[in-house]
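Working notes, structure below.
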Amino acid sequence: MAYRKGHLVFAPLVGMTVSDNTVGRLAEDGELRRTAELAAEKGVLFYVFTPDAIDWEKGRVAGYTYNLRNRRWEEKLFPAPQVLYDMATYPDDPEKRRIAREANRLLRDDWRRQVVNHRRYFGKWQTY
């Protein structure tokens, strides 16, 4: 859901799991900012979140969305995403990697949710 010109708009929710490091440098990440801008152009509410920011009991996520007017990332509470884009990897932290895998498994198990990038066929350098 989003507000546009004083109206409440229900938009598709796309949530991207990211690492703590990514959240820490959102202000400098032009690629994620551009993704958020493109999503907004298409009427999609896009947000990023870490796997440990999910409140399973309440079915909501603490995440970040890009505010086009203020041109900055803002932290907010969101419903669980309708579309999940899995980008959270923790190659150097086995415990965070375990939490991320479990969170993504639980999110994927919901048959109403679409999942993008849920298989790890290639690393980012192989893809590049």
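The values are calculated or read from the model by the stated rules, or taken from the named source; none is laboratory data. Quantities reported herein were computed from a predicted structural model and do not represent experimental measurements. As a convention, Cβ positions derive from the backbone with ideal geometry for all residues, glycine included, and neighbour counts pool all protein chains shown.
Within the set Glu37, Glu31, the sole residue that is over 22 Å from Tyr90 (Cα atoms), at pLDDT 90 or above and either in contact with an Asp or Glu (Cβ under 8 Å, 6 or more places away or on another chain) or not hydrophobic (A, V, I, L, M, F, W, C) (or both) turns out to be Glu37.
Report, by residue number, each residue of region 64-99 that is loosely packed, with under 13 Cβ neighbours inside 10 Å and part of a helix (DSSP H, G or I). Hits for region 64-99 are Pro94, Glu95, Arg98. Across region 1-23, the qualifying residues are those that are of a type in the set (Gly, Ala, Ser) and in a strand (DSSP E or B), and the one among them that is modelled with the lowest pLDDT is Ala2. Looking at Lys76, Lys58, just one residue is basic (Lys, Arg) and touching a Ser or Thr at 6+ places or on another chain (Cβ under 7 Å), and that residue is Lys76.
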